[in-house]
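Colleague: Sending over a structure as structure tokens; questions will come in a sec.
Bear in mind that the values in this text are calculations on the coordinates, not laboratory data. All values derive from a computational prediction rather than experimental measurement. A quick note on method: Cβ atoms are made from the backbone with ideal geometry, for glycine too, and the neighbour counts reach across all protein chains shown.
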Amino acid sequence: MTKKNKIAVIGGTGLTSLQNLEIVRNETVTTPYGNPSSPLAFGNISSTKKNKSAQTLETVFIARHGYAHNIPPHRVNYRANMWALKEAGVTAILAVNAVGGIREDMIPGSLVVPDQIIDYTSRRINTFFEDNLKNVTHIDFSYPYSREISQLILDSAQAVNIDIIKGGTYAATEGPRLETAAEIQRLKRDGCDLVGMTGMPEAALARELELDYASICVNANWAAGLSDELITMEVIEQNLEGGMEKTRQLIEDILSQYYK
């Protein structure tokens with residue numbers, strides 16, 4: 001792949017930092033839309049892939065919920081986050097999202113690269129195109145995720161022998177509460193395969209800023225009513241632990257391929 005300017009990683013629940021990211025600098029920024037969720041961490045990820053000499057891979061990292069994980073999904077300043085990354089020279093975004101599995105093969109701990117999204121949120125500011133416009137602006141959002149970056153994720157998963165599910169429809173709900181069993185049945189009837197709270201408006205804002213955007217979804221639990229197990233933060237954290245470890249390995253390979 002031709003080298004571009006910079007790729008960013010947006011970490012969600014379970015990924016507030018990258019363990020192998022050597023921080024060069026942290027930058028606290030302000031935007032016309034307020035403050036981002038966290039300072040931008042600029043740094044290098046050290047890659048020591050087999051039969052290859054060590055290399056450093058530049059990236060920018062932002063914690064979607066803050067480094068203390070204290071910003072709920074409906075209060076994330078998505079516009080500020082995306083604007084800050086764009087201003088930092090980022091041209092592609094790798095988003096990590098914790099989700100609940102709806103489809104039968106999306107078991108807890110599994111990884112998914114979604115290819116569609118349905119927005120069920122209702123209270124979020126979801127566009128940059130609303131004030132002081134010369135013309136009304138519409139974006140083509142038929143295919144919300146970058147096919148190029150999504151394929152890069154899939155290729156990297158194969159290269160490092162990590163199982164990952166290709167394709168799926170992400171249901172973006174308002175939160176912060178989890179869904180009812182009846183709501184999950186509705187989402188299932190709508191054709192949704194997984195459910196989360198941070199996929200929108202993040203993906204749409206990236207498209208408005210002409211940023212290539214793709215997601216690695218980590219299934220944290222079965223969605224409501226699909227398992228006899230009570231959904232607790234303890235269960236979610238246990239399931240995320242293994243999934244996020246695989247995600248960290250995957251990100252290292254993705255960066256090495258992106259900057260090849």
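Colleague: May I ask for the percentage of alpha-carbon pairs in the range 7-258 that lie more than 28 Å from each other?
Modeller: Of all Cα-Cα pairs in the range 7-258, 29 percent lie more than 28 Å apart.
Colleague: Under a no-solvent Debye model with one identical scatterer per Cα of the range 219-260, what's log10 I(q)/I(0) at q = 0.22, 0.28, 0.31 Å⁻¹?
Modeller: Log10 of I(q)/I(0), two decimals: -0.71, -0.90, -0.99.
Colleague: Still on this structure: Name the shape class, rounded, prolate or oblate, that the alpha-carbon gyration tensor gives for the range 105-180, where a ≥ b ≥ c are the square roots of its eigenvalues, rounded holds for a/c under 1.5, and otherwise prolate holds if a/b is larger than b/c and oblate otherwise.
Modeller: oblate
Colleague: OK, next. Based only on other Cβ atoms within 10 Å, what is the fewest-to-most ordering of THR91, THR28, THR59?
Modeller: So the residues, fewest neighbours to most, are THR28, THR91, THR59.
Colleague: Please order VAL24, VAL235 by the number of other Cβ within 10 Å, starting at the fewest.
Modeller: Ordered by Cβ neighbours within 10 Å, fewest first: VAL24, VAL235.
Colleague: Taking Cα pairs under 8 Å and at least six residues apart, what relative contact order does the range 7-258 come out at, in percent?
Modeller: Here the relative contact order equals 26 percent.
Colleague: May I pose another question? Choose one of ALA84, GLY225, ALA8: the residue whose Cα lies farthest towards the positive end of the charge dipole of the range 7-258 (beta-carbon charges +1 Lys, Arg; -1 Asp, Glu; about the Cα centre).
Modeller: ALA84
Colleague: For HIS74, HIS65, HIS138, what ranking results if the residue with the fewest other Cβ atoms within 10 Å of its Cβ goes first?
Modeller: HIS138, HIS74, HIS65
Colleague: Follow-up question, since we're still on this one. Can you give the relative contact order of the range 161-207 as a percent, counting alpha carbon pairs under 8 Å and 6+ residues apart?
Modeller: Relative contact order for the range 161-207 comes out at 51 percent.
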